[in-house]
Amino acid sequence: MVVAMAATGAFGHGTEEAAAPDELPTLHVATHTGWAALIGTGQQRSPVYQELERLSGVHIEWENIQVANYAEVMRARLAAAVNLPDVINMSLLGDIGQHGRDGLIIPLNDLLEEYAPNINSGAVVEPAVAGRGRHLEMPETQADMMTALRLFRDSDPNGNGENDEILIVPAAGRGYLRYLGNLYGFEYSIVSEYLVDDGQVSWIFQSPRMKEYLTWLNELYTEGLLDKAYATDSWTETLEKVTNDRVGLITCWTTFARIYSGAHPAGKPDGSIPMFENGPPIEGPYGDKFFVKREIYGGDQMGITKDAKQPEVAMHWIDFIRNSEEALMLQNFGIVGTATGW
C-alpha cells in the first residue's frame, strides 16, 4: 500500500549519539492537535521528533490540546497570564498584535536578528507529494505511476476478493488533490494558484498545460483510480479508509506516513511497521519533479511568551523547526534508511 509526500534538498541523518533530555535546554510548547485531530499525536515518541531534538539541541515538552478546544483553553490561560508555556501556537487565538501589546508575548525583533539565521536568509524549502508501493518498485515517472495504480486496482492487494481498493485518496478532500497538478509544472498548493516565471505573475488556469492536467484527472476518475469522494472527504473519512485497508496512495504531508501506518490493520499502533512509505516526486510529462512550494511564513504562527526563561533558545528552536532545510526535510521525508523515511 502507498502514501505520498516529498521535498527537495538534503536529508537529516541520525548518526551521532543523542544527548539525554536532561542534558539539553528544555522548552514547553503548547499547540493544537491539528486539523486531523482524530489522528493521535506522538511527538514525544516519534523517531523523527527525537532526531529533530538531537539536531536542534533542544528538548521539547509538548502540550497537545484538541483543536476544537484550543482557542477556548489557550485564551483562558492567556487571560490568566500566569505560568504560560515558553512557546505557544498563536493560530486561532485572535489578534496576535494585541497579545503583544498586553505583554503576553514578547517582541521578536532583536531575537530574530541574532538567533534566526534561516528566517533572515529567506530560505525556502519545497515539500511535496509522491508515493512508494509495497509490492512494486517506486514509480519515478507519471507513466510508472499509472502502471502501478492500474495494477493495484486489478490485483486485489488487500486480498478480500472484492474490488474495493481506492487508489488515490486526497488526505482531506480536493485541496490535497491539487498537489498532483505539479507534475505539470504548477506551484499548485492548498493556498496558491499563481506562478512567477521570469518576473511575471500568471494564473495557472491560464496555462496551456492546465487542460492536459484536467484531462489526466478525468482519466484517473474515469478509470476508477481516483477516490469518487475526493471533493467531500475529510481527515476522518480518509483515516477510516486506511483502517479498512482500502487505500493505495494518499496525497498528504510525509509526516503522516507513520500515522497512517499505525492505523493500518496490518501495522502496529506506533507506526513502526511501514505500511505507508514516503517516495520522491513523480516526474511529469515536461520533466517537472516537484509538487508544491511551501511558503515558510504561511501556516500557524508561534509566539514566545513573557514567561519564557530562555527566549533565545526558543527563537533558535523556532528558526530551526520551521525554516531550516534540515528540519523541513526531516519532517517531510523522515530518517533516510529507516522505517520512518526512504
Notebook entry, point to check: In nm, what is the difference between 0.36 nm times the number of residues separating ASP307 and ASN244 and their Cα-Cα distance?
Noted result: 18.1 nm
Margin query: How much length would be gained if the chain were fully extended between GLU113 and ASP270, taking 0.36 nm per residue of separation minus their Cα-Cα distance, in nm to one decimal?
Written below: 52.6 nm
Next item on the list: Using only the Cα atoms of segment 230-288, build the gyration tensor, take square roots of its eigenvalues as a ≥ b ≥ c, and label the shape rounded, prolate or oblate: rounded if a/c is under 1.5, else prolate if a/b is larger than b/c, else oblate.
Entry: oblate
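If R₀ is 41 angstrom, what is the calculated FRET efficiency for the pair MET210 and ALA81, using the beta carbon separation as r and rounding to 0.05?
Values: r = 51 Å, r/R0 = 1.25.
Result of the calculation: an efficiency of 0.20.
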Next item on the list: Could I have the simple spin-label model distance between LYS228 and ALA68, label points 7 Å from Cα toward Cβ, reported in nm to one decimal?
Entry: 2.9
Item checked: Two-site FRET efficiency, SER91 against GLU137, from Cβ-Cβ distance with R₀ of 30 Å, rounded to 0.05 -> 0.15
Item checked: Distance in nm between pseudo-label sites at ASP300 and ASP197 (7 Å out along the Cβ direction from Cα) -> 3.6
Next item on the list: Order by neighbour count: GLU137, GLU61, GLU326, fewest other Cβ atoms within 10 Å first, most last.
Entry: GLU137, GLU61, GLU326
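Can you tell me what the convex hull of the Cα atoms of segment 128-263 projects to on average, as an area in nm²? Don't skip to the end; give the middle numbers.
Working: hull surface 35.0 nm².
For segment 128-263, the mean projected area of the Cα convex hull comes to 8.8 nm².
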Notebook entry, point to check: What is the spin-label model distance, in nm, from ASP102 to GLU162 if the labels are put 7 Å beyond Cα along the C-beta direction?
Noted result: 5.1
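Taken together, the values in this text are just the output of simple stated rules run on the coordinates, not laboratory data. The structure presented is a predicted model; accordingly, all values stated were derived computationally and were not measured. Backbone-built Cβ (ideal geometry, glycine too); neighbour counts: all protein chains shown.
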